[in-house]
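Structure in structure tokens, see below.
The values are calculated or read from the model by the stated rules, or taken from the named source; none is laboratory data. Computed from a predicted model, the values in this text were never measured in an experiment. Glycine also receives a Cβ, built like all others from the backbone with ideal geometry; neighbour counts cover every protein chain displayed.
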């Protein structure tokens, strides 16, 4: 997934190409219009390529973010299911423990009553 650094680098590269082309166009020693036209065209091409690259990077970032959101949703669903499974297992264990305690208590009460009652 391209990070913000990649987008910033591409933006800086595009800006540098445009500024460099403009400086070359206006500060260069060329006097004829043909050379300046060529430089203008090259500067426009570089600018367009930079814009296209930025658009591609932006699309990739959106796609990666969307994919990340989908993965996050899947992870949440799996985690929620795991929590539910553990909760059900604990509930079952508590019920079994309560049943065993009741059974054991009934058994102890019967023993107590047998010992207490005259035989």
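Applying the selection to the stretch 38-50, what residues are modelled with pLDDT of 85 or more and either exposed (fewer than 11 other Cβ atoms within 10 Å of the Cβ) or within 14 Å of residue 6 (Cβ to Cβ) (or both)?
Matches in the stretch 38-50: none.
Kindly check whether there is at least one residue in the stretch 90-104 that is surrounded by 10 or more Cβ atoms within 10 Å (Cβ to Cβ), in contact with a helix residue (DSSP H, G or I) (Cβ under 9 Å, 6 or more places away or on another chain) and part of a helix (DSSP H, G or I).
The initial filter retains those residues of the stretch 90-104 that are surrounded by 10 or more Cβ atoms within 10 Å (Cβ to Cβ), namely 90-104.
Restricting the remaining residues to those that are in contact with a helix residue (DSSP H, G or I) (Cβ under 9 Å, 6 or more places away or on another chain) gives none.
Checking the stretch 90-104: not a single residue is surrounded by 10 or more Cβ atoms within 10 Å (Cβ to Cβ), in contact with a helix residue (DSSP H, G or I) (Cβ under 9 Å, 6 or more places away or on another chain) and part of a helix (DSSP H, G or I).
Going through the stretch 52-73 one residue at a time, which ones are under 13 Å from residue 8 (Cα atoms) and exposed (fewer than 13 other Cβ atoms within 10 Å of the Cβ)? Before you say what the answer is, go through the steps one by one.
Step one: list which residues in the stretch 52-73 are under 13 Å from residue 8 (Cα atoms), which gives 53-55, 57-58, 61.
Across the stretch 52-73, the qualifying residue is only 55.
Condition check ((1) at pLDDT 90 or above; (2) closer than 30 Å to residue 6 by Cα; (3) touching a strand residue (DSSP E or B) at 6+ places or on another chain (Cβ under 9 Å)) across all residues:
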site	(1), (2), (3)
60	no, yes, no
65	no, yes, no
70	no, yes, no
89	yes, no, no
92	yes, no, no
96	yes, no, no
107	yes, no, no
110	yes, no, no
114	no, no, no
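Do we have any residue at all in the stretch 78-87 that's in contact (Cβ under 8 Å) with a residue 12 or more places away in the chain and surrounded by 10 or more Cβ atoms within 10 Å (Cβ to Cβ)? Explain how you work it out, then say what you get.
Let us first name the residues in the stretch 78-87 that are in contact (Cβ under 8 Å) with a residue 12 or more places away in the chain, namely none.
No, the stretch 78-87 contains no residue that is in contact (Cβ under 8 Å) with a residue 12 or more places away in the chain and surrounded by 10 or more Cβ atoms within 10 Å (Cβ to Cβ).
Let me ask something else about it. Can you say whether residue 77 is assigned to a helix (DSSP H, G or I), more than 30 Å from residue 17 (Cα to Cα) and at pLDDT below 90, as far as the supplied structure shows? Please lay out each step first, then the result.
On the way: assigned to a helix (DSSP H, G or I): yes; more than 30 Å from residue 17 (Cα to Cα): yes; at pLDDT below 90: yes.
When the stated conditions are applied, residue 77 passes them.
Right, another one. Here is a list: 35, 53. Which entry is modelled with pLDDT of 80 or more and assigned to a helix (DSSP H, G or I)?
Details: 35 fails: modelled with pLDDT of 80 or more.
Selected residue: 53, the only one of 35, 53 that is modelled with pLDDT of 80 or more and assigned to a helix (DSSP H, G or I).
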